[in-house]
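First comes the structure, then the notes that go with it.
The values are calculated or read from the model by the stated rules, or taken from the named source; none is laboratory data. Because the structure is predicted, anything quoted here is derived from the model rather than measured. No Cβ is skipped: glycine too gets one built from the backbone with ideal geometry, and neighbour counts run over all protein chains shown.
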Amino acid sequence: MRPLTLGPVRIDTVVENAAVPLRFAEFLPDSRPEDIEAAAAWLRPHLADASLTHGLLSFHSYVLRTERCTILVDACIGNDKERGGHPAFHRLNTPWLDELHSIGVAPESIDYVLCTHLHADHVGWNTRLLDGRWVPTFPRARYLFARTEYEHRLAGWRTDPQYALGMFADSILPVVEAGQALIVDDGYELEGLLTLEPAPGHTPGNIVIRLGRLGATNSAVFSGDVIHHPLQVRFPEWSAAFCEDPLRSADCRRQFVMSQAETPTLILPAHFPAPTAGHIRRDGARWRYEFIA
């Protein structure tokens, strides 16, 4: 995604992996091959492979800069993390930090880190491995965690220290122990710029992050995993296999799509491949995602 400017905010993406293939039948278990085939013209080549059996997902973070602060939204998978051998997640060694530097941002310059939810692919770069210990990657930052989500993950870790393949232990707990975590409630406003809004279903405390006012010019919403792939804009009833409550996730996604359709609000998804940003438009009885140029 090219850099964007919305009012006083510059937005860049920092890409960890631009196109991870996931089999539609597994990733979107309610999807129908005939519906995917009908969408072939706009799925190929950036959103699906040539066979239409696999969808392509991007893993990236957003960096917001104003005159007052620098904010990171969602921290991808991270390097060196033990993730059960899954090739897209396990012991990665990516140049994500170099990509961050390439847009003129050093880890020390990040003021806030926000995670839309606490799955492993959104919290990984919260920490890095230093001398055998996990330490906060962003030493000056306050890390904001939504209370419902944090308490849910904390309970899981207390029951099992290897909960979620060790994600809480290696990517959340070191931040808390360093005194850099800020546990916030739904509706929290940051720097007069961003509002954290509940969007449960994908996870119990899942949020979206709104920049500006709904429907206003220069407004945007960081939608996290409310929607993983553009096919879910057309078919919001298709929850991803990763959704912890598929029925609630589908309801949340349907409400999100309907509320954002035909508004000037820019959608900034967590996993749509480049050009990533876009708008939701009505398309007959359903909807479509319109990427910006």
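Of all residues in region 8-40, which are touching a strand residue (DSSP E or B) at 6+ places or on another chain (Cβ under 7 Å) and among the acidic types (Asp, Glu)?
Asp12, Glu16
Table: residues versus (1) touching a strand residue (DSSP E or B) at 6+ places or on another chain (Cβ under 8 Å); (2) closer than 28 Å to Ala199 by Cβ; (3) among the polar types (S, T, N, Q).
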{"site": "Gly85", "(1), (2), (3)": "no, no, no"}
{"site": "Glu99", "(1), (2), (3)": "yes, yes, no"}
{"site": "Ser102", "(1), (2), (3)": "no, no, yes"}
{"site": "Thr116", "(1), (2), (3)": "yes, yes, yes"}
{"site": "Val123", "(1), (2), (3)": "no, yes, no"}
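Kindly indicate the residue of region 190-223 that is over 17 Å from Leu72 (Cα atoms) and of a type in the set (Val, Ile, Thr) and also farthest from the chain's Cα centre (by Cα) among those meeting that condition.
Once the filter is applied, the top-ranked residue is Thr217.
Select from region 1-16 the residues that are modelled with pLDDT of 95 or more and among the charged types (D, E, K, R) and write down the one among them that is farthest from Leu211 (Cα to Cα).
Glu16
Which residues, taken from region 174-200, are part of a loop (DSSP other than H, G, I, E, B), closer than 13 Å to Tyr143 by Cα and of a type in the set (Gly, Ala, Ser)?
Across region 174-200, the qualifying residues are Ala178, Gly179.
Tell me the residue from Phe145, Phe138 that is closer than 20 Å to Phe222 by Cβ, modelled with pLDDT of 95 or more, in a loop (DSSP other than H, G, I, E, B) and touching a Leu at 6+ places or on another chain (Cβ under 8 Å), please.
Just one listed residue meets the conditions, Phe138.
Looking only at residues in region 185-205 that are touching a helix residue (DSSP H, G or I) at 6+ places or on another chain (Cβ under 7 Å) and of a type outside the set (Gly, Ala, Ser), which one is nearest to Ser239 (Cα to Cα)?
Filtering first and then ranking leaves His202.
Where residues in region 142-166 are closer than 17 Å to Arg83 by Cα and in contact (Cβ under 8 Å) with a residue 60 or more places away in the chain, which of them is surrounded by the fewest Cβ atoms within 10 Å (Cβ to Cβ)?
The residue in question is Leu165.
Working only within region 86-117, note down all residues that are under 23 Å from Ala220 (Cβ atoms) and surrounded by fewer than 13 Cβ atoms within 10 Å (Cβ to Cβ).
Hits for region 86-117 are Ser102, Gly104.
Among Leu129, Leu92, Leu118, which is in contact with a His (Cβ under 9 Å, 6 or more places away or on another chain) and either within 29 Å of Ile11 (Cα to Cα) or outside any loop (DSSP other than H, G, I, E, B) (or both)?
Every option except Leu118 fails the conditions.
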